[in-house]
Every structure is written in structure tokens, then in C-alpha cells.
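Student: Encoded as C-alpha cells, here's the structure I'll be asking about.
The values are calculated or read from the model by the stated rules, or taken from the named source; none is laboratory data. None of these values were measured; they are calculated from a predicted model. In this analysis, Cβ positions are derived from the backbone assuming ideal geometry, glycine residues included, and neighbour counts consider all displayed protein chains.
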Amino acid sequence: MEPDEGQRREFMNIAVVGAGTRCRALLKALRDPVFGSLQARVVAVADERDEAICMEQARREGLVVTKDYNDLLQRDDIDLIIEMTGKEEIFYDILRKKKKTVRAFDNRTAQLFWEISKISALQEKTKQELAQAKNLYNVFINELMEEDVMVISPSYKIIDINETLSKKIGLDKKQVIGRFCYEVSHHQSTPCSGDKHPCPLKKSIGTRKSSKTTHIHRGPGDREIVYSISCYPIFQEGEVVAVVEIGRDITKDMNMQRMMMEQEKLASIGRLAAGVAHEINNPMTTILTTAMFIQEELDPGDPNYAELKTIADETLRCRKIVNSLLSFARQTKPEKNRHDINEIILEAAALTRKQAAFKDVALETDLSPDAPTVVVDKDQIQQVFINLALNAIEATDEGGRVSFSSTVNAADNSVSVFVSDTGTGIPEQDLERIFEPFFTTKETGTGLGMAITHGLVEQNEGAISVQSRVGEGTTFEIRFPLAGRGKDKH
């Protein structure tokens with residue numbers, strides 16, 4: 001059955017993926033007069049099981065029926081897709097493939113939506129029925145919903161929030177209800193606006209349809225938190241009386257996606273680097289030996305002597321870059337064993353102490369006596385600490401300080417190693433790029449040292465992060481899971 005254009009404008013057309021008992025319950029619920037103000041109906045059902053309980057009912061009602069949900073994703077007559085199979089992989093596949101103008105959510109979110117709509121239409125019901133509906137609503141938003149939920153009036157005032165959001169912001173419901181949503185979520189005195197912070201509430205009220213956007217919120221310590229926000233209008237007698245706002249913290253997802261893209265880029269560059277380095281190495285060697293041989297035949301006072309020295313020096317620099325490329329491209333499988341992390345730190349400190357003394361920089365250690373063993377490749381991790389220490393020494397002026405420290409993190413069963421300096425610091429715009437291949441602020445740097453360091457840490461199941469302020473110094477944190485969580489080699 002193909003709804004005509006006028007019907008599509010009047011109703012929210014729904015496609016259901018999964019023709020089980022929940023699909024049948026939805027079809028029944030939407031026929032209930034209590035949902036009249038919702039202005040929604042099911043127009044299509046998809047399930048790979050032709051014998052699924054709701055498939056025959058959908059055919060009898062003249063709905064579009066298909067075994068492949070992909071058939072529904074590009075239709076023009078669908079406003080909302082509800083995934084009712086309970087399979088996360090199907091839900092995320094729908095999110096990736098659907099049209100931008102089509103909304104999608106899973107069964108649990110759908111139930112919340114229906115229940116809130118039901119409450120708005122129950123004014124003529126008995127007090128007992130209304131109380132039961134409100135209890136059910138409370139169960140959904142406070143016990144079943146892991147996302148942040150706010151119910152907001154068209155005037156931007158908060159009508160209700162769930163316990164998940166209440167705990168996250170550290171405020172009781174009574175402290176939030178009646179306040180403006182932008183005041184609570186963004187600490188602003190005016191509603192969100194502009195391209196960077198569009199207001200989904202305003203859009204939902206204006207279009208009378210659901211809307212979605214992404215916002216940057218501020219968490220503890222002024223930390224940026226990326227939120228995906230969806231708004232669903234609630235109707236009463238044909239008017240939008242409230243909007244349900246569902247927010248989900250996608251910061252980890254964004255960071256994971258960024259990390260995966262970075263790893264893919266590093267792998268591609270590594271393969272390219274290996275091929276290029278091998279091809280360049282031989283001619284570089286020929287140029288270097290020829291220049292040095294001719295130089296030996298000349299008197300130091302000969303004007304060509306200095307030119308040949310320049311050729312030799314620059315060729316040596318090219319060779320250094322080539323060797324760095326090979327080190328970067330070489331994916332050596334780590335030989336992991338149990339090691340005392342403090343011993344690795346002390347050995348790295350001993351190997352870099354002379355460079356620090358030569359520059360009159362103090363090198364200190366402050367190691368936790370409780371630091372247990374970690375399962376790592378000792379040589380690779382020692383190289384990481386040496387690389388970071390040498391960079392710190394280079395960035396620190398005479399009389400400054402470089403330090404190693406270790407601490408145990410009981411919260412996530414890990415150990416952290418900090419390499420800190422009192423040097424010049426790293427500009428904020430460079431912090432996000434320091435692990436990128438070929439990014440360097442040094443005149444003679446290759447830009448591969450930190451990329452190699454990052455790769456070695458990841459190969460050993462660790463994580464590396466950096467904090468820095470210009471003029472105040474830099475601290476790198478390298479975090480490893482404790483030995484009990486890994487697999488050691490004997």
C-alpha cells in the first residue's frame with residue numbers, strides 16, 4: 001500500500017524491522033484512540049522469517065512487506081524506522097544506511113516515546129489509569145533508558161529528567177525542573193543557536209517532527225563531551241505541548257573512530273614508507289661514498305671541499321630520515337614477558353642521564369613501591385621511555401628538570417608512567433598532531449619519532465596521552481594494564 005502525498009504530510013509513517021510479538025503489539029497500540037494525537041502509523045514491515053507472527057497480519061492490513069530491511073531504507077514514504085529484532089548489529093546497520101531525513105531508534109526508545117505520548121492523551125482517563133501510565137513512564141525513563149532524558153516545554157523549561165541525567169549533572173530533579181534546558185546543559189543564559197549549536201527543540205516544534213543534532217557539552221574540569229541529541233515532539237489536541245530530548249554521550253565513540261582512522265592512516269603510511277625507504281637507501285649510499293671519496297682527494301682549502309661536505313652532511317641527514325622510515329614501517333611483533341615497570345624506567349633513566357647532565361638538566365625518578373609487573377616487550381618500552389626522555393631534555397633549558405614517575409590506578413587495574421619536564425611546552429594547536437607521521441616543529445626533525453613511540457605503546461596494549469602548557473612544561477602519560485589482565489609469554 002502506497003500512501004498518497006497528502007497522507008504522508010499528515011501522518012508520521014513508520015517502518016518496523018522485526019515482525020515478532022512486539023511488532024504486533026505496536027500495530028495494536030496505534031489503533032488505540034489514546035494514541036490519536038500521535039498521528040503515526042505503520043506502513044511497512046520487514047523480517048527475514050516469512051512465518052514471523054506479524055508478517056501475515058501486515059499483509060492482511062495491506063502494508064508493505066519484505067524479507068530484507070534494506071528494501072525500506074531508501075523509500076520516500078517512511079519517516080521513522082523502529083528496529084524490533086533486539087540485534088544491535090542490525091540497528092547500527094540501519095543507522096549507517098538510512099536517509100538523513102529518516103529517524104531510527106530501537107524498541108526500547110520507541111516504547112518510551114509511546115508511553116510519553118500516551119500520558120499526554122490521558123487527561124480524560126481516570127486518576128488510577130493516569131497513575132499507572134505515569135508509573136510505567138517512570139520505569140522506562142529511569143530504569144530502562146541508559147541515555148539522558150529530558151522532557152522540555154516549548155518555552156525551553158524542563159518538565160522532567162531521568163535519574164541517569166540527574167546523577168550525571170549532580171543535581172536533584174527538584175533543582176532542575178522549571179529551569180531552562182540551555183541553562184542546565186550548556187550553562188548559557190540564552191537558547192542554543194547557530195551552525196555549531198543548533199537547537200533541536202526549536203526545530204522539532206517548528207517542523208512538528210523529530211530532529212537530531214550533535215552538541216559539545218562541558219563536563220567536570222571543563223572537559224569537552226560530545227553529545228548526540230534527538231528530540232521527539234509530544235502532541236495534545238494537534239499542538240506540540242512538549243518535546244522529549246534523548247541525549248547520548250558519544251565522546252568515546254568519536255575518539256574510537258578517530259583512533260581507528262589514525263591507525264589505518266599509520267598502517268598505509270608504513271607500507272608506503274617501507275617501499276620508498278628501500279628504493280632510496282642504495283642511491284643515498286652511493287652519493288655519500290662518492291662525495292666523501294672526492295673530498296678526501298681535495299685540500300681542505302679548496303672551495304669545492306666545503307661544498308662536498310655539505311653534500312655528505314645532507315646525505316647523512318637523508319639516510320637518517322630513511323632509517324626512521326624503516327623503523328616506522330617495521331611492524332615487529334613484541335616479545336612480551338612479565339617485567340617490573342620500575343626497573344624498565346630506571347634503566348631508561350640511566351641511559352639518558354648523561355645527555356641530561358651534558359645540558360645541565362636534572363633527571364629525577366619518583367617511583368611507586370607498589371607498582372607490580374606488566375606484560376610488555378621490555379626493549380620496545382625502554383625505547384619509548386628513552387625517546388620521551390631525550391625529547392624532554394631537548395625541550396628543557398639549562399637548570400630545568402626532567403622526571404620519571406609511576407603510579408598504580410586501582411580504579412581500572414592499570415599502572416601509569418609519567419615523563420615530565422619543565423621545558424618550553426607544546427602549543428595547543430600542535431597537541432593533537434604530535435603523534436602524526438612527519439609532523440615536527442624541529443628544523444632537523446623527521447617527524448617520525450613520536451609516531452614510532454605511539455605505535456610501540458599500542459603494540460604493547462598501552463595508551464599514551466599528553467598534557468602541556470606553553471612555558472610550563474609537558475607531561476606524557478603511558479598507561480599499561482597490570483600483568484593479571486594480559487597474557488604473558490613463558
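Student: Answer yes or no as to whether Ala362 is modelled with pLDDT of 90 or more, in contact with a Lys or Arg (Cβ under 7 Å, 6 or more places away or on another chain) and either over 15 Å from Ile478 (Cβ atoms) or not charged (D, E, K, R) (or both).
Tutor: Taking the combined requirement at face value, the residue satisfies it.
Student: So, one more: Can you pull out every residue in the range 102-116 that is out of contact with any helix residue (DSSP H, G or I) (no Cβ under 7 Å at 6 or more places or on another chain) and either at pLDDT below 80 or more than 16 Å from Lys212 (Cβ to Cβ) (or both)?
Tutor: Phe105, Thr109, Ala110, Phe113
Student: Among the residues of the range 410-434, which ones are buried (at least 20 other Cβ atoms within 10 Å of the Cβ), in contact (Cβ under 8 Å) with a residue 40 or more places away in the chain and part of a loop (DSSP other than H, G, I, E, B)?
Tutor: Selection gives Thr422, Gly423.
Student: Now, a different point. Please give the number of the condition Thr396 fails out of (1) closer than 17 Å to Val457 by Cα; (2) buried (at least 20 other Cβ atoms within 10 Å of the Cβ); (3) of a type in the set (S, T, N, Q).
Tutor: The failed condition is (1).
Student: Can you find, within the range 66-95, the residue that is nearest to Ala44 (Cα to Cα) among those that are part of a helix (DSSP H, G or I) and modelled with pLDDT under 90?
Tutor: Ile94
Student: Output the residue which, of all residues in the range 77-94 that are exposed (fewer than 14 other Cβ atoms within 10 Å of the Cβ) and without any contact (Cβ under 8 Å) to a residue 60 or more places away in the chain, is farthest from the chain's Cα centre (by Cα).
Tutor: Looking at residues that are exposed (fewer than 14 other Cβ atoms within 10 Å of the Cβ) and without any contact (Cβ under 8 Å) to a residue 60 or more places away in the chain, I get Lys87.
Student: For the range 405-431: of the residues being among the hydrophobic types (A, V, I, L, M, F, W, C) and within 14 Å of Pro372 (Cβ to Cβ), which is modelled with the lowest pLDDT?
Tutor: Going through the qualifying residues, I end up with Ala410.
Student: Also, I was wondering about something else. What are the pairs, 6+ residues apart or on separate chains, where a residue within the range 306-318 that is closer than 10 Å to Ala291 by Cβ has its Cβ under 6 Å from a residue that is among the polar types (S, T, N, Q)?
Tutor: Leu308/Gln295
Student: Scan the range 470-490 for residues that are of a type in the set (Asp, Glu) and at pLDDT 85 or above and jot them down.
Tutor: Glu472, Glu477
Student: Same structure again: Please verify whether the range 372-395 includes one or more residues that are part of a loop (DSSP other than H, G, I, E, B) and either among the β-branched types (Val, Ile, Thr) or touching a helix residue (DSSP H, G or I) at 6+ places or on another chain (Cβ under 6 Å) (or both).
Tutor: Of the range 372-395, the ones part of a loop (DSSP other than H, G, I, E, B) are 372, 377.
Adding the requirement that they be either among the β-branched types (Val, Ile, Thr) or touching a helix residue (DSSP H, G or I) at 6+ places or on another chain (Cβ under 6 Å) (or both) leaves none.
No: zero hits.
Student: Would you tally the residues in the range 155-169 being farther than 18 Å from Gln188 by Cβ, outside any helix (DSSP H, G or I) and not aliphatic (A, V, I, L, M)?
Tutor: Residues that pass the stated criteria total 2.
Student: If we keep just the residues of the range 341-371 that are among the aliphatic types (A, V, I, L, M) and not in a helix (DSSP H, G or I), which is farthest from Asn409 (Cα to Cα)? Full working, then the answer.
Tutor: In the first step, residues of the range 341-371 are kept if they are among the aliphatic types (A, V, I, L, M); the result is 341, 344-346, 348-351, 356-357, 361-363, 367, 371.
From what's left, not in a helix (DSSP H, G or I): 361-363, 367, 371.
On the way: Val361: 29, Ala362: 27, Leu363: 24, Leu367: 13, Ala371: 10 Å.
Taking the candidates together, the pick is Val361.
Student: Now a separate question. What are the residue pairs meeting all of these: first residue in the range 4-19, first residue modelled with pLDDT of 50 or more, second residue among the aromatic types (Phe, Trp, Tyr) and crowded, with 19+ Cβ neighbours inside 10 Å, Cβ atoms under 6 Å, and 6 or more apart or on different chains?
Tutor: Val17/Tyr69
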